[in-house]
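Where a number appears in this text, it was derived from the coordinates with a stated rule and is not lab data. Quantities reported herein were computed from a predicted structural model and do not represent experimental measurements. Virtual Cβ from ideal backbone geometry, glycine too; neighbours counted across all protein chains shown.
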Amino acid sequence: MKILARILALILFAQMAIAQEVDDGNALLNRPTDRTYDIIVESGYLKVGVYENFPPYSYQVDGEPRGIDIELGRRIAKAMGVEFKVHWIVPDETLGDDLRNNVWKGHYLARQRLADVMLRVPYDKQYAYMQDSTGEYINEQVVLFGPYQQETWQIAYNPDTLDSVETVAVFQYHPIGVEIDTLPDFYLTSGLRGRMREQVRHYANVREAFGAMREGKVSAVMGMRAEIDHELAKPENAEFRAAGNGFPGIGKQVWDVGMAVKNSHRQLGYALEAIVDRLVKSGELDELFAHQDLRYSVPDYYREFLDDQAIARAEGDL
């Protein structure tokens, strides 16, 4: 009977331990999850969620956060009059997983490790209002808002092995590097009825693919434009060139990138949206990109209501 009691006690203790949220001793990470706008201002800091090891958007150099999204987060926090704090996001299998783990619920091992706002979220109305088989909105726990950049796909090539890249059909005969399990990977391995599949080489990231191009293992690399620009700006890649874009059948060639907050924190979302709107329209965001040798494009969201002069100002053409 004593043995049975001990077993039951152990089971009960284990259940209690699992039910409790993990406390890693970091007061900043293990904060109350309901950080409203007023609480954030009173606390004196804004926790900005960005993907880790994702140059040129968000990464570290000697332990110091760097990248476009890091600088944007700093400017947003400064405009709010609070300190910028980074929340590194380890990507899960889907965007929905990332939003759940970092914006509205938290990972089951650390439910309080949430960002106040998450950057680098595709601003897509179809995704935002996606429904499951029962008609329930899949993303009802989050608000997607504040598009601040338009992203697109881009190819860089080695002019010593390719005169130009007028069409992706050239990669039936020349090897091209891509990050594994990305849309360029799927596109090139399935495009032209699979005739490019044998020429596709897989790498952990765009940086490694450029390393392979320097070694002559591939003639080109395909990735997001900012990733390609970031690599082309490096001295060791000075000989390579950006190709003209044209990806028939790729589906979504350009898309807007924005932010996400918890559904109950709309006041925070409105405040952040106003800050980002000013950064976009004033051309300050274009300057931020140019400072890091990256091209900037105004999101399609703004093209629906800004005139040509306003768009030119936002993209640094005035």
Margin query: Please rank 308, 98, 256, fewest neighbouring Cβ atoms within 10 Å first, as an exposure proxy.
Written below: 308, 98, 256
Checklist line | Summed residue charge, Cβ within 9 Å of residue 146's Cβ, Lys/Arg positive, Asp/Glu negative | finding: -2
Next item on the list: Using the Karplus curve 6.51 cos²θ - 1.76 cosθ + 1.60 with θ = phi - 60°, work out ³J(HN,Hα) for each residue of segment 237-252 in order, rounded to whole Hz, and write x for Gly and Pro.
Entry: 10, 4, 7, 7, 10, 8, 8, x, 7, x, 10, x, x, 6, x, 9
Next item on the list: Could you tell me which of the pairs 47/105; 85/281; 47/281; 47/78 are separated by over 22 angstrom between their Cα atoms in the structure shown?
Entry: 85/281; 47/281
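Compute the length gained on full extension between residue 42 and residue 167: take 0.36 nm times their separation in residues and subtract their Cα-Cα distance, giving the result in nm to one decimal. Display every interim value, and only then the final one.
Details: separation 125, 0.36 × 125 = 45.00 nm, distance 5.47 nm.
So the chain would gain 39.5 nm between residue 42 and residue 167.
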Check: Would you list 92, 181 from fewest to most Cβ contacts within 10 Å?
Finding: 181, 92
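What does the net charge come to around residue 265 if you take all other residues with beta carbon closer than 9 Å to its beta carbon, with K and R at +1 and D and E at -1?
On the way: positive: 35, 262, 266; negative: 34, 116.
The answer is +1.
Compute the signed sum of charges (Lys and Arg +1, Asp and Glu -1) over the other residues within less than 10 Å, Cβ to Cβ, of residue 207.
Working: positive: 234; negative: 179, 208, 227, 231.
Charge balance near residue 207 sits at -3.
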Item checked: Gain on full stretching of the segment that runs from residue 140 to residue 53 - 0.36 nm per residue minus C-alpha separation -> 28.5 nm
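Treat the count of other C-beta atoms within 10 Å as a stand-in for reagent exposure and order 262, 105 from fewest to most.
Details: 262 24, 105 15.
The fewest-first ordering by Cβ neighbours comes to 105, 262.
Which order do the peptides 62-68, 144-150, 115-121 take when ranked by the mean count of other beta-carbon atoms within 10 Å per residue, highest first? Let's see the in-between values first.
On the way: 62-68: 14.7, 144-150: 24.4, 115-121: 26.3.
Answer by packing, highest mean first, reads 115-121, 144-150, 62-68.
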Next item on the list: Could you work out how far the C-alpha centroid of segment 157-228 sits from that of segment 246-318, in angstrom?
Entry: 28 Å
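To the nearest 0.05, what FRET efficiency results for residue 270 and residue 241 with a Förster distance of 45 Å applied to their C-beta separation? Numbers along the way, then the final one.
Values: r = 43 Å, r/R0 = 0.96.
That gives a FRET efficiency of 0.55.
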Next item on the list: For residue 125 and residue 160, calculate 0.36 nm times their separation in residues minus their Cα-Cα distance, and state this gained length in nm to one decimal.
Entry: 8.3 nm
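Express the relative contact order of segment 160-318 as a whole percentage, based on alpha carbon pairs under 8 Å and six or more residues apart in sequence. Walk me through the intermediate numbers first.
Details: 176 pairs, mean separation 29.4, N = 159.
Reported relative contact order: 19 percent.
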